[in-house]
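Accompanying notes for the structure given below.
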Amino acid sequence: MAAIDVRKDFPILKRKVHEKKLIYLDSAATSQKPIQVINTITDFYKNYNTNIHRALHTLSDEATTLYETARKKIASFINANPEEIIFTKNATEGLNLLAFTFGKDRVKENDIILVTEMEHHSNLVPWQQLAKQQKAKLSFIPVTAEGKLDLETAENLLKQKPKLFAFTHVSNVLGTINPAKQLIELAKKYNVPTILDASQSVPHMPVDVRDLDCDFLVFSGHKMLGPTGIGVLYGKKQHLQNMNPFLTGGDMIKEVSYTETSWNDLPWKFEAGTPPIAEVIGLGAAVDYLQKIGMKSIQDHEQELTAYALEQLQKIKQVKIYGSQQEQIGVIAFNLADIHAHDLATVVDEEGIAIRSGHHCAQPLVEKLGVPATARMSFYIYTTKKDIDKAIKAIKKAKKVFKL
Amino acid sequence: MTAEEMYQEIILDYYRNPKNFGTMQHPTVAFRDSNPSCGDIIEMQLEIKDESIRDIKFLGKGCAISIASASLITEELKGKNIQEIKNFNKEKVLKLLAIPISGIRLKCALLALKAVKMAAYNYLGENND
Ligand SMILES: Cc1ncc(COP(=O)(O)O)c(C=O)c1O
């Protein structure tokens, strides 16, 4: 794919920051939105807006069709069935839903919950709190010095039959692509259900839930060209059927009396209240856009950029890069000498370049790297080598500012 | 504002060689605060005798702005009366820093102030009744 050809679709890339052209290298936090997605959302509000699943009038019929068509698109995007796709607010809510339903019913005193040392707070805190509530133990697959998961220890930990295993597909700090399929196979050997945090993989590479065979998978729409406020939880049908609802109220019911309620069919059983209708339809448009380019092309583009950026960064003396630099996609964490990442981010911002600094919502991992914070650049379909060249130039300028 | 204006020699020097950095064995009062959005942490420790700040130290990790600010604050408050912390405010810290600070970085500049004020209020609260 050619990033140059898609850039025209992203209006924000035309704006200036400090009188310089914006160079957006923070797509792992949230992606920019193409005009096709923005227009789909405005078109919904201009021409179709009403509540769904409720009324018999034409608008409601049309809006419901748009909403459910988007669900079908998103399902087929990850090779799932529409009834296995539950809309949430974001990946975080998907993980909380699982902790409060599936997790709470399954994990009891002295049981083990297995995660890894490279989780985003979203895939750590819900399990940590569940473990506390249920008096269970939280175990961690260690991260090696190269920024990969220690697979030998992983098997030993799985042998202890944890009640569930939640892990990230791609690290939002190190960019490491974890061998998800291998880990899921291993977990199955010991009958451990798997929850995959695909927040950083679904936007950047082909992901097929049938092929992976995970039990659950979550991601956020806003990191894949879609709007904020919409996330996806995929679950195998047999699990979703057996699980209790998370939130209760309107829409998720079949029949209600003053004393009893029966739950709606899947997936609506897990969608209480008026959902983010425009956002779901917007995410459908984002999926259309991604599919038109092709996820394999997107992956190739990003891996090429990652390799290029790593090569350029390494040429700068005093830059330290964290992570394996193999099996890495879209994200690079680094530091410049003794300069705190915030200070570096401030200096490059002056050149119109947006990079992230801090602990990237993975504080324990960054502490394990032995630093208070790191800088991070992350890429997407609209990122070009020229963007990276400009970032490298700005980092070199920072060396001067900090008298290095 | 340019980066050069913000990261003046003096700020970089306070960052690389912070003043009053470390811990004391028996602080009269201590308070630790952190900035959840960026992970910066500052702990302020005070030794107080007869309302006078005999010693003040800080510990923590953070960017040049937060560390320089903590250094300057400890230098400023050492030897002062604890009651003076009540009137020690944002404007005074920014004056000590003497560099332009933009919106988002204000939090960095003021983290140490928050910690030292909380330490002082905890002390005064306990010793008021
Ligand atoms: C790996 C990973 N997991 C979870 C999340 C949480 O996503 P959200 O904040 O959209 O719920 C993020 C994004 O910040 C992430 O990168």
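The values are calculated or read from the model by the stated rules, or taken from the named source; none is laboratory data. Keep in mind that this is a model prediction, so the values were computed, not measured. Because the Cβ atoms are built from the backbone with ideal geometry, glycine has one as well, and the counts that use them run over all protein chains shown. The protein model used for the area step is the full one, side chains on, heavy atoms only, and it has no ligands, DNA or RNA in it. Shrake-Rupley method; radii C 1.70, N 1.55, O 1.52, S 1.80 Å.
Measure nothing fancy, just the Cα-based angle from helix A:35-47's long axis to the longest principal axis of chain A, in degrees from 0 to 90, nearest 10.
Taking the Cα atoms of chain A, the angle to A:35-47 is about 40 degrees.
Given an 8 Å cut-off on Cα distances and at least 6 residues of separation, report the relative contact order of chain B as a percent.
Relative CO of chain B lands at 29 percent.
Which entries in A:LYS317/A:LYS397; B:LYS49/B:LYS86; A:LYS132/A:LYS188; B:LYS78/B:LYS117 show an alpha-carbon gap greater than 22 Å?
Values: A:LYS317/A:LYS397 13 Å; B:LYS49/B:LYS86 17 Å; A:LYS132/A:LYS188 26 Å; B:LYS78/B:LYS117 14 Å.
With Cα atoms farther than 22 Å apart: A:LYS132/A:LYS188.
Going by the alpha-carbon gyration tensor, a ≥ b ≥ c the square roots of its eigenvalues, is the range A:170-305 rounded (a/c under 1.5) or, if a/c is not under 1.5, prolate (a/b greater than b/c) versus oblate? Let's see the in-between values first.
Working: a/c = 2.85, a/b = 1.46, b/c = 1.96.
The shape class here is oblate.
Would you be so kind as to list the residues of the range A:319-342 that have their accessible area lowered by at least 20 Å² in the full protein complex compared with their chain by itself (1.4 Å probe)?
Residues losing area: A:ASP338, A:HIS340, A:HIS342.
Against the longest principal axis of chain A, how steep is helix A:277-293, in degrees 0 to 90 to the nearest 10, with axes from Cα atoms?
Roughly 50 degrees, rounded to the nearest 10.
Would you mind computing, in nm to one decimal, how far apart the modelled labels at B:ASP55 and A:ASN49 are, each placed 7 Å from Cα along Cα→Cβ?
About 6.4 nm separates the two model spin labels.
Based on DSSP, what percent of beta bridges with both residues in the protein assembly as shown are antiparallel, to the nearest 5?
Antiparallel bridges make up about 70 percent of those DSSP assigns within the protein assembly as shown.
For B:38-44, what's the mean count of beta carbons from other chains sitting within 10 Å of each residue's beta carbon? Don't skip to the end; give the middle numbers.
Working: counts 9, 12, 6, 1, 0, 0, 0.
Per residue, the number of nearby Cβ atoms from other chains is 4 on average.
Got a sec? Charge dipole of the range A:173-260, +1 on Cβ for Lys and Arg, -1 for Asp and Glu; which of A:HIS239, A:PRO227, A:LEU217 is way out at the positive end?
The residue sitting farthest along the positive end of the dipole is A:LEU217.
Between their Cα atoms, which of A:LYS396/B:LYS90; A:LYS89/B:LYS114; A:LYS33/A:LYS254; A:LYS137/A:LYS320; A:LYS368/A:LYS396 are more than 29 Å away from each other?
Working: A:LYS396/B:LYS90 33 Å; A:LYS89/B:LYS114 34 Å; A:LYS33/A:LYS254 37 Å; A:LYS137/A:LYS320 35 Å; A:LYS368/A:LYS396 27 Å.
Result: A:LYS396/B:LYS90; A:LYS89/B:LYS114; A:LYS33/A:LYS254; A:LYS137/A:LYS320 exceed 29 Å.
Please report, in debye to the nearest 20, how large the charge dipole of chain B is about its Cα centre when each Lys and Arg carries +1 at its beta carbon and each Asp and Glu carries -1 there.
In total the dipole reaches around 160 debye.
Could you list log10 I(q)/I(0) for the range A:252-385 at q = 0.13, 0.16, 0.21, 0.22 Å⁻¹, which the Debye formula gives when each Cα is one point scatterer?
With no solvent term, the Cα-only Debye profile gives -0.75, -0.92, -1.23, -1.28.
Counting partner chain Cβ atoms within 10 Å of every residue's Cβ in B:95-107, what's the average?
Shielding by partners across B:95-107 averages 1.
Per residue, how much accessible surface does the range A:240-345 expose to a 1.4 Å probe? Answer in Å², no decimals.
44
Enumerate the aspartates and glutamates that A:LYS104 could reach by cross-link, defined here as Cα to Cα under 18 Å, with residues fewer than 8 away along the same chain left out.
A:GLU93, A:ASP215
Past the 24 Å Cα-Cα mark, which pairs from A:LYS135/A:LYS189; A:LYS73/A:LYS148; A:LYS72/A:LYS223; A:LYS73/A:LYS292; A:LYS181/A:LYS386; A:LYS20/B:LYS92?
Details: A:LYS135/A:LYS189 26 Å; A:LYS73/A:LYS148 33 Å; A:LYS72/A:LYS223 19 Å; A:LYS73/A:LYS292 13 Å; A:LYS181/A:LYS386 35 Å; A:LYS20/B:LYS92 33 Å.
From A:LYS135/A:LYS189; A:LYS73/A:LYS148; A:LYS72/A:LYS223; A:LYS73/A:LYS292; A:LYS181/A:LYS386; A:LYS20/B:LYS92, over 24 Å: A:LYS135/A:LYS189; A:LYS73/A:LYS148; A:LYS181/A:LYS386; A:LYS20/B:LYS92.
Might you report the magnitude of the Cβ-based charge dipole of the range A:38-292 about its Cα centre, with Lys and Arg at +1 and Asp and Glu at -1, to the nearest 20 debye? Don't skip to the end; give the middle numbers.
Working: 26 positive and 29 negative charges, 81 e Å.
With only Lys, Arg, Asp and Glu charged at Cβ, the dipole is about 400 debye.
Sorted by average packing, counted as other Cβ atoms within 10 angstrom per residue and highest first, what order do A:178-190, A:216-228 take?
Top of the packing list down: A:216-228, A:178-190.
Given only helices, namely DSSP H runs of n ≥ 4 each adding -39500 (n - 2.57), what is the per-residue ellipticity at 222 nm of chain A, to the nearest 500 deg cm²/dmol?
Result for chain A, helices only: -11500 deg cm²/dmol.
Relative contact order (percent) for chain A, with alpha-carbon contacts under 8 angstrom and 6 or more residues of separation?
Once normalised by length, the contact order is 23 percent.
How many angstrom lie between the Cα centre of the range B:63-95 and the Cα centre of the range A:123-192?
45
For the modelled label position 7 Å from the Cα of B:LEU106 along Cα-to-Cβ, which residues of the range A:301-345 have backbone nitrogen atoms closer than 11 Å?
none
Determine the percent antiparallel among the DSSP beta bridges restricted to the range A:38-292, to the nearest 5.
Around 50 percent of the beta bridges assigned by DSSP in the range A:38-292 are antiparallel ones.
If you take the accessible area of B alone plus A alone and subtract the pair, what total do you get in square angstrom, rounded to 100, with a 1.4 Å probe?
Buried: approximately 1600 Å² between A and B.
What are the aspartates and glutamates whose alpha-carbon lies under 14 Å from the alpha-carbon of A:LYS21, with same-chain residues fewer than 8 places away excluded?
By straight Cα distance, A:LYS21 reaches A:ASP349, A:GLU350, A:GLU351, A:ASP387, A:ASP389.
Treating the angle as unsigned and between 0 and 90°, give the value, to the nearest 10°, between the Cα long axis of helix B:64-77 and the longest Cα principal axis of chain B.
40
Find, to one decimal place in angstroms, the Kirkwood hydrodynamic radius of the protein assembly as shown, where the mean of 1/r is taken over every pair of different Cα atoms and then inverted.
Values: mean 1/r = 0.0394 Å⁻¹.
Across the protein assembly as shown, the inverse of the average 1/r is 25.4 Å.
For the range A:38-292, what mean projected area does the convex hull of the alpha carbons give, in nm²?
So the mean shadow area of the Cα hull is 14.3 nm².
Place a +1 charge on the Cβ of each Lys and Arg in the protein assembly as shown and a -1 charge on the Cβ of each Asp and Glu, then give the dipole magnitude about the Cα centre in debye, rounded to the nearest 20.
920
Mind giving me the nanometre distance, one decimal, between the label points for A:LYS254 and A:GLU367, set 7 Å out from Cα along Cα→Cβ?
The two pseudo-label positions are separated by 4.7 nm.
Across the Cα atoms of the range B:3-124, what radius of gyration and what greatest pairwise Cα-Cα distance (Dmax) are found, in Å?
13.4, 43
With point charges of +1 on the Cβ of Lys and Arg and -1 on the Cβ of Asp and Glu, referenced to the Cα centre of the protein assembly as shown, which listed residue (A:LEU98, A:LEU183, A:ILE12) lies farthest in the positive direction of the dipole?
Of the listed residues, the answer is A:ILE12.
With runs of 4+ DSSP H residues as the only contributors, calculate the mean residue ellipticity of chain B at 222 nm using -39,500 (n - 2.57) per run, divided by the residue total and rounded to the nearest 500.
Dividing the helical sum by the residues of chain B leaves -13000 deg cm²/dmol.
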